[in-house]
Structure formats: C-alpha cells, structure tokens
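Taking it in order: structure first as structure tokens, then the write-up.
The values are calculated or read from the model by the stated rules, or taken from the named source; none is laboratory data. Not measured: the values here are computed from a predicted model. Cβ coordinates were reconstructed from backbone atoms using ideal geometry, including for glycine residues, and neighbour counts include every protein chain displayed. These accessible areas exclude ligands, DNA and RNA; they are computed on the full protein's heavy atoms, side chains included. Shrake-Rupley method; radii C 1.70, N 1.55, O 1.52, S 1.80 Å.
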Amino acid sequence: MKTLVLVEHENGDLKDATLSAVTAAASLGEVHLLVAGDAGAAAVAEAAARIAGVGKVHLAEDASLAHQLAENVAPLAVSLMEGHDAFVAPATTTGKNIAPRVAALLDVMQISDVIAIEGEDTFVRPIYAGNAIATVKSSDAKKVLTVRATAFDKAPREGGSGTVERVSGAGDQGLSSFVGAEIAASERPELTSAKIIVSGGRALGSAEQFHQYIDPLADKLGAAVGASRAAVDAGYAPNDYQVGQTGKIVAPELYVAVGISGAIQHLAGMKDSKLIVAINKDEDAPIFQVADIGLVGDLFKLVPELTEKL
Amino acid sequence: MKLLVPVKRVIDYNVKPRVKADGTGVDLANVKMSMNPFDEIAVEEAIRLKEKGVATEIVVVSIGPAKAQETLRTALAMGADRAILVQTDDNVEPLAVAKILTKIAAEEQPGMVILGKQAIDDDSNQTGQMLAALLGWAQGTFASKVEVEGEAVSVTREVDGGLETVRLKLPAIVTTDLRLNEPRYASLPNIMKAKSKPLATKSPADYGVDIAPRLTTLQVREPSKREAGVKVGSVDELIDRLRTVGVIG
Ligand SMILES: Cc1cc2nc3c(=O)[nH]c(=O)nc-3n(C[C@H](O)[C@H](O)[C@H](O)COP(=O)(O)OP(=O)(O)OC[C@H]3O[C@@H](n4cnc5c(N)ncnc54)[C@H](O)[C@@H]3O)c2cc1C
Ligand SMILES: Nc1ncnc2c1ncn2[C@@H]1O[C@H](COP(=O)(O)O)[C@@H](O)[C@H]1O
C-alpha cells in the first residue's frame, strides 16, 4: 500500500503529531508525505524528507496554501490520491478540518481518531468519549484516516532519505480566506507532547487564581498547562488548554488534575496518562477512580505547599 | 437567508455508556437520549441570527429513527420554524448523512448550514466537512464566533494553537464548538407551540441516496480499566511517592 500523510507544520516547524502519523502510516505500507504551504514550506519539506522511513515528499508551495485552508488543500490532496491507497492525517484541528473534505471528494467513509491498525482495512477507534473501543473494517477502495497522536510512537526526525518532489496545487478555490489568528506564544511545553501536565478546573474560581496557583506548580515541574471545559468556559484559561473528548487528547508521564471533578468528557482526554495525580476536596469525586495518587483537601492550601516543597 | 440545521439524537451526555456483553455495540435500550449538545449550540446560533434579522427561516433536519421526532420537536420548541425527519432505523454513517443533506440543501437553498462539530456517540467530527466538500462550499469548522457580513461570513475557529478567523463566501458550512453560545431552554408555551409546527417525514430513498455502510463493526469492547490508586494523607507523602516512581527528581 502507498500512503499519503498530511504534514502538520506551523511557522516552518514540523509538528510532532506528523511523526505519530508517519508511524501509523508505515504499518500500512510505503510512506509519502504532503507538505502544503507558502514560501516557508520548502524548508519543512527538507525536514520532512529526513524523517525515518519516509519515501517521497510532495511539496506544494503556493500562497493559497499558506494557512492550510481546507478548501484549497483538499483538492490538492485528492489529485495526489490517484497514486496512493490511503490518506493519513494527524487528528489535530488541521487534520480534522481537512481529512473529511478529502474523504468526501473521494467518496470514502473516513475512520476518525484511529488508535490501532490491525490490517490494511481494519482499524481500532474510540467511540462514546472513549467508553467503548470499536474495531471497524472498511470496504472502501481507498482509506482515509485521522490518527490519534498519543496512540503511536513518534517516528525519529532523522534517519530518512526521502526525495522532495514539487507538485502544483489546485490554486485558490476562491471560497475562503484567512483573516487572522490569535496563537498564544508560550515558553511552556506544548500540551499534546508534554511529559508532565498540570490541569486546573472550575475550582480555581478565576483567571487570576488559575495563574496564581497552577502556573508556579507547572513551572516547578517543567509542565504544560491544561484545563477542564468548565475552566475554559468560565474564561479562567484559553480554549486551547481544554483537555477532553472534544478538546485535546493527552497521555503524559504525569498528569496532575487540580480541582477537576472527572466528568467522562474530561477523562476521555487524559485517562491514558501514565501516572495520574488528583487534588480535590471532595473525596468522592470521580477523578479519584482513575487517579493513581489522590490527595483530598483544599487546593488553595495544598498546591502552594506542593509547589514550595518540590 | 434560510438556515439549515442538522440535529442528531444521541445518548444523553450525562449517561455513562455501557458496552453490550456480546461485543456488538453500546447498550441504548432504556437509556436517556437527547439532542447532540453541539447541535443545541447550532440551533441556538441559528435562532440568534434570526433574532438579529440576518436569517429569515430555520429548517431543522434529523436522519434517524421515528423517535428523532422528539429531537426535532425540541429544536422547534427552542425556536426553529420547520422540521424534516429522514426516517430510517439503519445506522447512517457521516458520508451518507452528508449525501442526504446535500440533496436537502439543493431543495432548500439555505444561505448557511450550521452543524455540530461532532456527534458525541460516534465522535466522528466529519459530517460538516463532508457536506462542504459535496456542495463545493466553504467551511468554518469548530466555530466560537460567527458574523455574517453581506455576501460573506466571518468565522472564528477554535484551533489547537488558539483562535483563527476565516472569511467564507456564502453559502457556507459552519460547525459549532462549545464556546459559540449557551443554548436556551425551551419555555413551556413554546414547547406547546412546537407541537403544531410543520414536520415532514421522508426516507433516504426519497433522496435517492444509498446509505449502505462502508464500515463494518467487527467488535465493540470496553476500554482497558484503570484501577483506582491510593489516597495519600499529605503533600510530603505525595512527593515521596512521585520520587519513588521516578517521575520527579
Ligand atoms: C458536548 C460536551 C463536551 C464536553 N467536552 C469536554 C471536554 O473536552 N473536556 C472537559 O473537561 N469537559 C468537557 N465537557 C464538560 C464536562 O461534562 C464537565 O462539565 C467538566 O469537565 C467539568 O469541569 P470541572 O471538573 O472543572 O468542574 P466541576 O465538575 O464543577 O468540578 C470542580 C471540582 O473541583 C472540586 N473543588 C472545588 N473547590 C475545591 C477546592 N478549594 N480545592 C480542591 N477541590 C475543589 C470539586 O469538589 C469538584 O470536584 C463536555 C460537556 C459536553 C456536554
Ligand atoms: N443522523 C444525523 N442527523 C442529523 N444530523 C446529523 C446526523 N449525523 C450527524 N449529523 C450532524 O453532523 C454533526 C457532526 O456529526 P459527526 O460527523 O457524526 O461527528 C452533528 O453534530 C450533526 O449536526
């Protein structure tokens, strides 16, 4: 099988989620990559060609591809699918935006959020917020998948000797345009690839207290910061911090849940973490059913003490 | 403009799904069912656009069993004008849902179709994007803000890095994220009024769409269980344990 993997990149950086998608695709067969972008994309393609196990890298460089608009990227991907059997994208917001558009144009039913590949046509994916795990077999001639990054090891960034081949995009479809973005720059590790995460919930009470209590603990641990939906909805933390069924899926070495009750939608995003620590004043909070280490008490007292003593 | 809002009947988000013992699926017998939460947000957004004078009519559509009528009535009670039930007891995959919606869009000529970003049962997150592809329209997925400006709509999207704003030519597809709005509850008088709002019943065959599934479910199983761990009595004990396991130095 020949697979085409969509490369996720931003400001010239090739994102880790791509590396997991490469590993997933490699279990299906030959791995080719698609780098779509504007002038900076050539450098990304060079980096992509060095990923272990990669064959050809298709590079499409065009102003209309600058912001990965699905309307412009999808027809490009579809044109390359003539020579490929599977399209694989990481289950990031970019991948989730583009892959179904590609699938529909190919008249293929996509398999979302794949966590294991059992054969050329058989895939495992969570449903119902991860409360059930389904094994599905696809009868479509070509496969379109999005893959969950936490479920596949990252392919090494070096060791490959792929070749870069330029392809032309379908141009600007004239349907959409990029207006602007508010992307928070942070010194902290990225949530989805961090080894340690400290997450805060509704109990933090305000944005000020969220920063005051969560940030120093995260800094001490060199951790990324996450949040529950309730904390995001209340404006204590930005939307990109949300961990859960409909937010980010994480699986760090250590996940510290502070003042988070443990609703199924939250657990869906973090219960594959290696070690879970929960701090909650309610000893019956559901988070304790998945926590390896629980500490019952008032976070406003316990978190500063923990930060201090670490 | 007219707005089309597809709504799906799904397990209520407060219910913990249970896998059937025979491994064929999730047990939905006698389980509380509700409108997919993201679709409530979609209906609410449509109503707000109508209240602002941007939209003139809101048509809600559901593809599913006879009971999906209840979901449509809920949407009508919230403030939608008219409903279409495409009735089937079969499991309809997102691709087939998108094909049926394509046909309905061709008939109804909406200025926008507002969908949920994801149905909380299959967690596919596909239908809106597929519909956009089949119609050849622009898509604004995971929306936290929607502003119609003449012949275009500006959509702020919740993306992994933060927020992104795109401008889409109309007609367009929008899919909702959690922060777009807070859906209203239907008042009792509106629930009564909704009973007499028009609801047309159709079948997938009426639209000439083949809904045969492309995926066969071979097995549905429980996720691996996590055992509850220990409770520690103090911060010192917590730090001790973390050191023992080696996650902190
Ligand atoms: C469609 C849909 C999608 C959703 N997606 C997500 C998602 O992706 N991610 C997500 O997280 N949620 C999601 N949710 C929301 C989810 O159902 C819960 O509402 C949410 O996770 C609750 O957040 P929380 O635990 O911070 O708040 P709460 O449930 O209010 O819990 C607060 C906790 O803090 C504890 N507490 C209070 N004060 C203190 C104190 N001083 N010290 C210590 N502990 C204290 C309380 O005992 C309680 O357990 C979704 C819901 C829906 C309907
Ligand atoms: N059977 C259905 N009937 C009506 N709308 C649906 C149906 N299935 C999916 N949708 C719409 O598509 C969105 C995304 O669903 P999905 O792609 O299944 O995650 C939902 O939030 C609904 O708006």
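The simple Förster model, with R0 at 56 Å and r as the Cβ-Cβ distance, assigns B:ARG184 and A:GLU158 a FRET efficiency of 0.55. DSSP beta bridges in the range A:2-166, what fraction antiparallel, as a percent rounded to 5? Just about 30 percent of them are antiparallel. Solvent exposure of the range B:60-166 amounts to 28 Å² per residue of accessible area, where only protein heavy atoms count and the probe is 1.4 Å.
Enter the mean number of other protein chain beta carbons within 10 Å of the beta carbon of each residue in B:219-232, as an integer. It would help to have the intermediate numbers written out before the result.
Working: counts 5, 7, 5, 3, 11, 3, 3, 9, 3, 6, 11, 4, 8, 5.
Going residue by residue through B:219-232 and averaging, the value is 6.
In order along the range B:211-223, the Karplus-derived 3J(HN,Hα) couplings, from 6.51 cos²θ - 1.76 cosθ + 1.60 at θ = phi - 60°, round to 9, 4, x, 8, 10, 10, 7, 7, 6, 10, 10, 5, x Hz, and Gly and Pro are given as x.
Site pair A:GLU30 and B:LYS52 shows an inter-label distance of 5.0 nm when each label is modelled 7 Å from Cα along Cα→Cβ. If all Cα-Cα distances of chain A are sorted into 10 Å bins from 0 onward, what percent lands in each bin, rounded to whole numbers? Taking all Cα pairs of chain A, the binned fractions are 6, 26, 30, 23, 12, 3, 0 percent.
What is the Rg over Rh value, at two decimals, for the range B:9-129, using alpha-carbon atoms and the Kirkwood definition of Rh? Present the calculation step by step, with values, prior to reporting the outcome.
On the way: Rg = 14.9 Å, Rh = 15.3 Å.
Taking Rg over the Kirkwood Rh, I get 0.97.
Above 18 angstrom, tally the Cα pairs of the range B:128-249 and express them as a % of all pairs, no decimals.
Within the range B:128-249, distances greater than 18 Å cover 77 percent of Cα pairs.
P(r) tail for the range A:196-239, what percent of Cα pairs lie past 18 Å? Could the numbers behind the result be given before it?
Working: 154 of 946 pairs.
Of all Cα-Cα distances in the range A:196-239, 16 percent exceed 18 Å.
Please report the antiparallel percentage of the DSSP beta bridges confined to the protein assembly as shown, to the nearest 5. In the protein assembly as shown, approximately 35 percent of DSSP beta bridges are antiparallel ones. Of the trypsin sites (Lys or Arg not before Pro) found in the range B:91-189, the ones in coil according to DSSP and having at most 15 other Cβ atoms within 10 Å of their Cβ are B:ARG184.
Ligands, DNA and RNA aside, B:ASP210 has an accessible area near 110 Å² when probed at 1.4 Å. The phi torsions of the range B:96-101, fed into the Karplus equation with coefficients 6.51, -1.76 and 1.60 and a -60° offset, translate into couplings of 6, 4, 4, 5, 5, 5 Hz, rounded to whole numbers, with Gly and Pro shown as x. Computed over the range B:2-245, the convex hull of the alpha-carbon atoms projects to a mean area of 17.7 nm². Ligands, DNA and RNA are left out, and with a 1.4 angstrom probe the accessible area of the range A:159-261 is 44 Å² per residue.
State the percent of C-alpha pairs, over all pairs in the range A:2-166, separated by a distance greater than 29 angstrom. All intermediate terms of the calculation are to be shown ahead of the outcome.
Working: 1411 of 13530 pairs.
Tail fraction, whole percent: 10.
Which percent of the accessible area of the range B:2-245 is formed by carbon and sulfur heavy atoms (probe 1.4 angstrom)?
Details: 5150 of 10550 Å².
Reported share for carbon and sulfur atoms: 49 percent.
For the chain pair A and B, buried accessible area totals roughly 6700 Å², probe 1.4 Å, rounded to the nearest 100. Using equal-weight Cα scatterers in the Debye expression, the normalised intensity of the range A:161-310 in log10 at q = 0.18 Å⁻¹ is -0.97. For the range A:191-309, the relative contact order is 25 percent, taking Cα pairs closer than 8 Å that sit 6 or more residues apart in sequence and dividing their mean separation by the residue count.
Across the protein assembly as shown, the volume of the C-alpha convex hull divided among the residues equals 147 Å³ per residue.
Considering all projection directions equally, how large on average is the shadow of the alpha-carbon convex hull of the range A:251-298, in square nanometres? Let's see the in-between values first.
Details: hull surface 10.9 nm².
Projected area, direction-averaged: 2.7 nm².
Work out, in µm²/s and without decimals, the Stokes-Einstein translational diffusion coefficient of the range B:48-105 at 10 °C, 1.306 mPa s, Rh from Kirkwood over C-alpha pairs. It comes out at roughly 128 µm²/s. Over the range A:1-85, the Kirkwood radius and the radius of gyration, each from Cα atoms, give a ratio Rg/Rh of 0.93.
Coupling constants for the range A:135-151 follow from the phi torsions by the Karplus curve (6.51 cos²θ - 1.76 cosθ + 1.60, θ = phi - 60°), and in residue order they are 9, 10, 10, 9, 9, 6, 5, 10, 10, 10, 10, 10, 10, 7, 4, 5, 8 Hz; glycine and proline get x. Shielding value for A:108-116 is 4, the average number of Cβ atoms from other chains within 10 Å of each residue's Cβ.
Percent of C-alpha pairs per 5 Å bin in the range A:166-254, short distances first: 3, 13, 20, 20, 15, 6, 7, 6, 5, 3, 0. By accessible area, using a 1.4 Å probe on protein heavy atoms only, the range A:191-309 has 48% of its surface on carbon and sulfur.
Across chain A, C-alpha contacts under 8 Å between residues 6 or more apart give a mean separation that, scaled by the residue count, equals a relative contact order of 15 percent. Amide H to amide H, with H built 1.01 Å from N, A:PHE87 comes under 5 Å of A:LEU4, A:LYS143, A:VAL144, A:LEU145, counting only residues 5 or more places away or on other chains.
Among the listed pairs A:LYS137/B:LYS67; A:LYS142/B:LYS8; B:LYS8/B:LYS32; A:LYS96/B:LYS16; B:LYS2/B:LYS67, those with a Cα-Cα distance over 18 Å are A:LYS137/B:LYS67; A:LYS142/B:LYS8; A:LYS96/B:LYS16; B:LYS2/B:LYS67.
Figure the gain on full extension for B:THR24 and B:ASP210 (residue separation times 0.36 nm, minus the Cα-Cα span) and round it to one decimal in nm. Separation in residues times 0.36 nm, less the Cα-Cα distance, equals 64.6 nm.
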